[in-house]
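For reference, the structure discussed in these notes is given below.
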Amino acid sequence: MILVAGASGMLGGELLAIYNGTTRGVCRKEMEITSFASVQKVLLTLKPAVVINAMAFTDVDGCESRQEQAFMVNGEGVRHLAELTGEIGAKLVQISSDYVFDGTKGSPYLEEDPVNPLSIYGRSKLTGEENARLNPDHLIIRTQWLYGLNGRNFVETMLSLANEKNELNIVNDQTGSPTWTADLVQAIRRLIEKDCRGTYHAVNSGYCTWFDFAGAIFAEQGIKMGLRPITSEELARPAARPLFSVLDCSKLLRDTGLNMDGWRNTLKKYLNERDK
Ligand SMILES: NC(=O)c1ccc[n+]([C@@H]2O[C@H](COP(=O)([O-])OP(=O)(O)OC[C@H]3O[C@@H](n4cnc5c(N)ncnc54)[C@H](OP(=O)(O)O)[C@@H]3O)[C@@H](O)[C@H]2O)c1
């Protein structure tokens, strides 16, 4: 059985929906990841063959002022899972982030490229990666710029702002690959089916800035919106973000045969799905 930790989250909800029946989901009420005893109780009772960890403290700016909580959930919590999955002989699939990189490489990041997180969130996710490796049967999947049906995300924020405003300032100096959780789940599934181990990147192909992404969302929906490009400095968020953290997915293609769809086409599919 596959256990999805974080069933109430955006990716966790998608994992449960797509795997449909073959997974068991747990949310924070049943398993508090920061408590070893709580994780132990769930894993020793359910004895899953695979645990996919989609639990995380994902408020990137909030992590800056709640460092202890960030490291407890994103770091220590993963250590609990790694130790206990190791004990019961289960595989640990840890979802990680492009924010482990500093974004200065200037070309898409390979799995083995040096990490250098710029924020507390990135540092805590990196600690999570290090801890996941305590179980030799680990699979770390780095992804980025997620959107999906089950959670707050950039696409939904843009569409709800369209009801309130006719002009928006959008950051135009951060580049990444918008990724639909449904496509990410297919990659996770393939990596598990092939019993892959180690670190992989999984994002929709191609890349853009947040400004380009916003433009595409409004264009697809036929919404007239004035967009003004701004810099990260102008936005002045508490956490620094990498400027170019595009992830190279050729290892995913080589080991699973999966070539993830382009972000623009995927956005179209998501909007159709959402509007059904
Ligand atoms: N969203 C993105 O753009 C993005 C990009 C790169 C990587 N990722 C990674 O992808 C994964 C899934 O992200 P997501 O966007 O689906 O996150 P999400 O919607 O914020 O969901 C996170 C889940 O973690 C749970 N959680 C938080 N603290 C917990 C705790 N102490 N104990 C147990 N559960 C706890 C939350 O439960 P409550 O709802 O009860 O708080 C929620 O179910 C994360 O590892 C994230 O770092 C996300």
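Residue-by-condition table, conditions (1) under 20 Å from Gly6 (Cβ atoms); (2) in contact with a strand residue (DSSP E or B) (Cβ under 8 Å, 6 or more places away or on another chain); (3) not polar (S, T, N, Q):
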| position | (1), (2), (3) |
| --- | --- |
| Glu30 | yes, no, yes |
| Ile33 | yes, yes, yes |
| Leu46 | yes, yes, yes |
| Met55 | yes, yes, yes |
| Ile88 | yes, no, yes |
| Val93 | yes, yes, yes |
| Phe101 | no, yes, yes |
| Pro108 | no, yes, yes |
| Glu130 | yes, no, yes |
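Of the residues making up region 223-255, just one is under 15 Å from Val155 (Cβ atoms) and out of contact with any helix residue (DSSP H, G or I) (no Cβ under 7 Å at 6 or more places or on another chain), namely Ile223. Across region 161-192, the number of residues qualifying as out of contact with any Ser or Thr (no Cβ under 8 Å at 6 or more places or on another chain) and not hydrophobic (A, V, I, L, M, F, W, C) comes to 9. Each residue in region 47-68 was checked for being surrounded by 16 or more Cβ atoms within 10 Å (Cβ to Cβ) and either more than 8 Å from the ligand (Cβ to nearest atom) or more than 21 Å from Ile120 (Cβ to Cβ) (or both), and 7 of them qualify.
Annotation note: of Ala82, Ala37, Ala17, the sole residue that is more than 10 Å from the ligand (Cβ to nearest atom), surrounded by 24 or more Cβ atoms within 10 Å (Cβ to Cβ) and assigned to a helix (DSSP H, G or I) is Ala82. The single condition among (1) more than 8 Å from the ligand (Cβ to nearest atom); (2) modelled with pLDDT of 95 or more; (3) farther than 15 Å from Val185 by Cβ that Tyr99 does not meet is (1). Out of curiosity, is Asn131 at pLDDT 95 or above, more than 14 Å from the ligand (Cβ to nearest atom) and over 18 Å from Leu184 (Cα atoms)? Criteria not met by Asn131.
The values are calculated or read from the model by the stated rules, or taken from the named source; none is laboratory data. The structure displayed is predicted, hence computed values, not measured ones. Here Cβ is always computed from backbone atoms with ideal geometry, including for glycine, and neighbour counts include all displayed protein chains.
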